[in-house]
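Q: One structure coming up, written as structure tokens, with questions to follow.
The values are calculated or read from the model by the stated rules, or taken from the named source; none is laboratory data. On a predicted model such as this, the values are computed, not experimentally measured, just so you know. All Cβ positions, glycine included, derive from the backbone under ideal geometry; neighbour counts span all protein chains shown. SASA here: full protein model, heavy atoms, side chains in, ligands and nucleic acids out. Shrake-Rupley method; radii C 1.70, N 1.55, O 1.52, S 1.80 Å.
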Amino acid sequence: MYPPLMKLKLLLCLLTWLLLHDQPQPDRAILPRSATRSTNDVPTHALGLVGWANFDNFNPAGDGIRDDSEKLVKALAYCQTHRLGLFINPTKKYFLKTPIDYAFAGTVAIRSSRTGQPAVFYLPDNEQFPLQLSAKAGSLETTLTKAITTGDQALTLTATTDLKPGDLLHIQTKTAWPIETDTRKGEFNVVQSLTQNQVTLKYPCQDDYSLSDSVLVTHYRPAMVYAKELEFRVRKTDDRPVIGLTVLYTQHSQLDRLRIKDAQYASLMLYGCYDTKVTDCVVEGANEEGAGYGIGTVGGWRYSVLHNTSHGCRKLCDFSGDSDRGPTRHSEAIANKAYGQGKTNLGNDLFQVQSFCVATHGGADGILIERNIAYNCQTGFQLRGRNIILNANQILGESLYPISLAGGQNHTVTNNIYQALLQNAAKNQAPDYPNYPKGVIGLSENLLHSGHIIIRNNQFDFVRNYGIYGNDVRQHCTISDNRFIFNTFGKAEPKPQIVYFEQLTSPLSDLQIQHNTWQMASANLAMPRVQVILRRDSTYSEGPLIDWVSSEIQGLQATHVLTMTTGKNNSPQAVDMDNLVINKQGKTITLAGELSFTLNRAAQPFINGMPAPIPAEDYFFDFQNQASGSTYKGQVEGKTGQICLGAQASTFGSSFLGGTPFVTRLSLNYTTR
């Protein structure tokens, strides 16, 4: 038994503890490291934190109705002051009615207090940016005193006051980036050291900047966002574009296991960030007509978008740039999954409007897109910008354009697979064949006129018309070791082609089309002898369509590469080279197949466009008139490659009669340059 005085003291202590415990006490929310939960997260000390605070201790309403924006800002400010992360109670719902634009230095760490159970925030749709987290800007605005050359790591600035090692340096100009006009030249880098007005950067510069480029150099303090197991839901009261979460100018941020719903403009937008990871997130309903980014990057360096999933978004991920932040550089999208079905904010079918798994805009540079899966996306992958690698991805189900090279230069497309999954159609329900590809890789006329495209070792199990279709292609192309299965469904062409390039306005050089294979899925499709068709634009002047010295090609239809002439003011009446095929491998060139022609009047015909033999000596060959069986002599001219056909035995210099159809089979094989 306690004496009466001792009992009174114990009772008073208990009452005091109860009273204090029932009041909001942010200081008591601090958890020492020993008390933080054991997870697979980044260690607290690696985030620059000493512990965590609980959002409940700041008395939010937590009912999903009353506005908790002010409480969240206060909690973030408190955590910044005390180097704490913020735990969010997942059993409550928080409404952020007032837009938050929170600028900070250091770390903002927000996560659910229970592993595996996301904490939920509601966002209104009356503002495009309801929740922004951004690095604090430094005060320096300066320019260059010396031009920058690509690869430089040292800059000489007019001033460096307020600039510090570790700051994120932003170089921006008014000069258009040369890839596409919607982006200005510019980049982000990290300050490694300072010596007076000279700055050493962490990485080499990616572009040239002259003193006449109107260069502006600014900076941001080191800041990181760490967010895990949070859910953001946009409440629809009208039809306005909303971004679920916006992160600006941070370094080493990690966004893990977020779920963002119905933010039509974009679920997650990252502006000018450096070294950012977005992992295991789910984005839904980012489907605004004209936008609809699930995860979007605008300028910055080294984004890793890994293992995320999108449902009903126009794009799972888009790498881009703009006039304020320059291109997005050296980033990756790996092992993500996009489900393209859904409706836009205007109620239109997302498949018809256009849905993507991963897209790169003109402001993208050095992006790796690998091991992603696109389910029922109208366009599986769209490539613009420069130096984009699309490797080992899958496009499954319905798709009008599995792979689209829509602009830019120097793209590499390797080891990708398209599977139509026709066997998955519901019983007694025919597939909607117009939603399946007529061609599986498209090359747009908007591609730059310089650069190199590599398309190698891809496989496609449903093709109706063309394997690869190009419009006014001018870049060097390597197309090899691809496999296609052609079908007759959905108004397919009876004679499909592996490669079809039309509207060509200049000669093709370094064209490598080799070792592609195909099969026919339908018995009523004829196995094509012709694999490649090149068709010149109607305004294209007479001349070669292909640079034979730099090119190797198999199965090229001769019709639009070769021309027949008969001398001055005497063009042929009719010429058919559709079944005449050219092959060039190494230095060996062949011309084989059927040729028919009819001349207006008696003349000697010449075929132009073949390369010259080596050594530069005339090459002779025999050919027959299929009607009579008579054998005649032809010649490939040693200096020009012009083919001369003779109508008399043992000569290549005689004339054919006018008005008489002539049909022959040619078979030439000689060595060229």
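Q: Of these, Thr559, Thr539, which one is buried (at least 16 other Cβ atoms within 10 Å of the Cβ), in a loop (DSSP other than H, G, I, E, B) and of a type in the set (Val, Ile, Thr)?
A: Thr559
Q: A follow-up question, please. Within the stretch 489-505, is even one residue modelled with pLDDT of 95 or more and not in a strand (DSSP E or B)?
A: No, the stretch 489-505 contains no residue that is modelled with pLDDT of 95 or more and not in a strand (DSSP E or B).
Per-residue answers, yes or no, for (1) part of a strand (DSSP E or B); (2) at pLDDT 95 or above; (3) surrounded by 14 or more Cβ atoms within 10 Å (Cβ to Cβ):
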{"position": "Phe121", "(1), (2), (3)": "yes, yes, yes"}
{"position": "Glu127", "(1), (2), (3)": "no, no, yes"}
{"position": "Leu133", "(1), (2), (3)": "yes, yes, yes"}
{"position": "Gly151", "(1), (2), (3)": "no, yes, no"}
{"position": "Thr156", "(1), (2), (3)": "yes, yes, yes"}
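Q: Further question: I'd like to know if the stretch 352-360 contains one or more residues that are assigned to a strand (DSSP E or B), open to solvent by less than 10 Å² (accessible area, probe 1.4 Å), within 30 Å of Val191 (Cα to Cα) and at pLDDT 95 or above.
A: Within the stretch 352-360, one or more residues are assigned to a strand (DSSP E or B), open to solvent by less than 10 Å² (accessible area, probe 1.4 Å), within 30 Å of Val191 (Cα to Cα) and at pLDDT 95 or above.
Q: Okay, moving on. Quick check on my filter: what residues within the stretch 185-205 are in contact with a Phe, Trp or Tyr (Cβ under 6 Å, 6 or more places away or on another chain) and of a type in the set (Lys, Arg)?
A: Lys185
Q: Considering only the stretch 52-68, state which residues are closer than 18 Å to Gly85 by Cα and hydrophobic (A, V, I, L, M, F, W, C).
A: Trp52, Ala53, Phe55, Phe58, listed by residue number.
Q: While we're on this one: Being touching a residue at least 40 places away in the same chain (Cβ under 8 Å) and out of contact with any helix residue (DSSP H, G or I) (no Cβ under 9 Å at 6 or more places or on another chain), is that true of even one residue in the stretch 62-85?
A: yes
Q: If you take the residues of the stretch 42-57 that are open to solvent by 30 Å² or more (accessible area, probe 1.4 Å) and touching a residue at least 24 places away in the same chain (Cβ under 8 Å), which of them is nearest to Lys97 (Cα to Cα)?
A: Within the stretch 42-57, the match that is nearest to Lys97 (Cα to Cα) is Asp56.
Q: Can you tell me how many residues in the stretch 544-566 are among the hydroxyl-bearing types (Ser, Thr, Tyr), at pLDDT below 95 and touching a Leu at 6+ places or on another chain (Cβ under 7 Å)?
A: Adding up the residues that qualify gives 1.
Q: Continuing with this model, one more query. Thr344: modelled with pLDDT of 95 or more, hydroxyl-bearing (Ser, Thr, Tyr) and open to solvent by less than 30 Å² (accessible area, probe 1.4 Å), yes or no?
A: Spelling it out, it is not the case that Thr344 is modelled with pLDDT of 95 or more, hydroxyl-bearing (Ser, Thr, Tyr) and open to solvent by less than 30 Å² (accessible area, probe 1.4 Å).
To keep it simple, each residue is scored yes or no on (1) within 15 Å of Gly312 (Cα to Cα); (2) in contact with a strand residue (DSSP E or B) (Cβ under 8 Å, 6 or more places away or on another chain).
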{"site": "Tyr339", "(1), (2)": "yes, yes"}
{"site": "Gly342", "(1), (2)": "yes, yes"}
{"site": "Ala364", "(1), (2)": "no, yes"}
{"site": "Ala374", "(1), (2)": "yes, yes"}
{"site": "Thr379", "(1), (2)": "yes, yes"}
{"site": "Asn387", "(1), (2)": "no, yes"}
{"site": "Glu398", "(1), (2)": "yes, no"}
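Q: Filter the stretch 576-623 down to the residues that are in contact (Cβ under 8 Å) with a residue 60 or more places away in the chain, part of a strand (DSSP E or B) and open to solvent by 10 Å² or more (accessible area, probe 1.4 Å) and list them by number.
A: Within the stretch 576-623, Gln585, Thr588, Thr590, Ala592, Glu594, Ser596, Thr598 meet the criteria.
Q: Can you tell me which residue is farthest from Gly366 (Cα to Cα) among those in the stretch 163-205 that are among the aliphatic types (A, V, I, L, M), part of a strand (DSSP E or B) and touching a residue at least 40 places away in the same chain (Cβ under 8 Å)?
A: Val199
Q: Taking the stretch 624-636, which residues are over 53 Å from the mean Cα position of the chain (by Cα) and part of a strand (DSSP E or B)?
A: Scanning the stretch 624-636 gives Thr631, Tyr632, Lys633.
Q: Restricting attention to the stretch 62-99, which residues are of a type in the set (A, V, I, L, M, F, W, C) and open to solvent by 10 Å² or more (accessible area, probe 1.4 Å)?
A: Answer for the stretch 62-99, where residues must be of a type in the set (A, V, I, L, M, F, W, C) and open to solvent by 10 Å² or more (accessible area, probe 1.4 Å): Ile65, Val73, Ala77, Phe87, Phe95.
Q: Another question, then. Check whether at least one residue in the stretch 58-72 is over 30 Å from Thr218 (Cβ atoms), assigned to a strand (DSSP E or B) and in contact with a Gly (Cβ under 7 Å, 6 or more places away or on another chain), and report yes or no.
A: No: the stretch 58-72 contains no residue that is over 30 Å from Thr218 (Cβ atoms), assigned to a strand (DSSP E or B) and in contact with a Gly (Cβ under 7 Å, 6 or more places away or on another chain).
Q: Return a yes/no flag: does the stretch 75-98 have any residue that is more than 24 Å from Pro241 (Cα to Cα), hydroxyl-bearing (Ser, Thr, Tyr) and part of a helix (DSSP H, G or I).
A: There is at least one residue in the stretch 75-98 that is more than 24 Å from Pro241 (Cα to Cα), hydroxyl-bearing (Ser, Thr, Tyr) and part of a helix (DSSP H, G or I).
Q: Evaluate the following for Leu140: is it at pLDDT 95 or above, crowded, with 18+ Cβ neighbours inside 10 Å and out of contact with any Asp or Glu (no Cβ under 7 Å at 6 or more places or on another chain)?
A: Against the criterion (at pLDDT 95 or above, crowded, with 18+ Cβ neighbours inside 10 Å and out of contact with any Asp or Glu (no Cβ under 7 Å at 6 or more places or on another chain)), Leu140 does not qualify.
Q: What pairs come out if I take residues in the stretch 624-638 that are without any contact (Cβ under 8 Å) to a residue 12 or more places away in the chain and more than 21 Å from Ala612 (Cα to Cα) and pair them with residues that are β-branched (Val, Ile, Thr) and in a strand (DSSP E or B) whose C-beta lies under 8 Å away, six or more apart or interchain?
A: Cβ pairs passing all conditions: none.
Q: Looking at the stretch 400-419, which of its residues are more than 22 Å from Gly362 (Cα to Cα) and either open to solvent by 50 Å² or more (accessible area, probe 1.4 Å) or without any contact (Cβ under 8 Å) to a residue 24 or more places away in the chain (or both)?
A: Matches in the stretch 400-419: Asn415, Ile417, Gln419.
Q: Based on this model, can you work out whether Glu187 counts as at pLDDT below 95, touching a strand residue (DSSP E or B) at 6+ places or on another chain (Cβ under 8 Å), surrounded by 20 or more Cβ atoms within 10 Å (Cβ to Cβ) and not basic (Lys, Arg)?
A: No, not satisfied.
Q: Out of the residues in the stretch 379-399 that are more than 17 Å from Arg302 (Cβ to Cβ) and in contact with a Gly (Cβ under 6 Å, 6 or more places away or on another chain), state the one that is most open to solvent (accessible area, probe 1.4 Å).
A: Arg384
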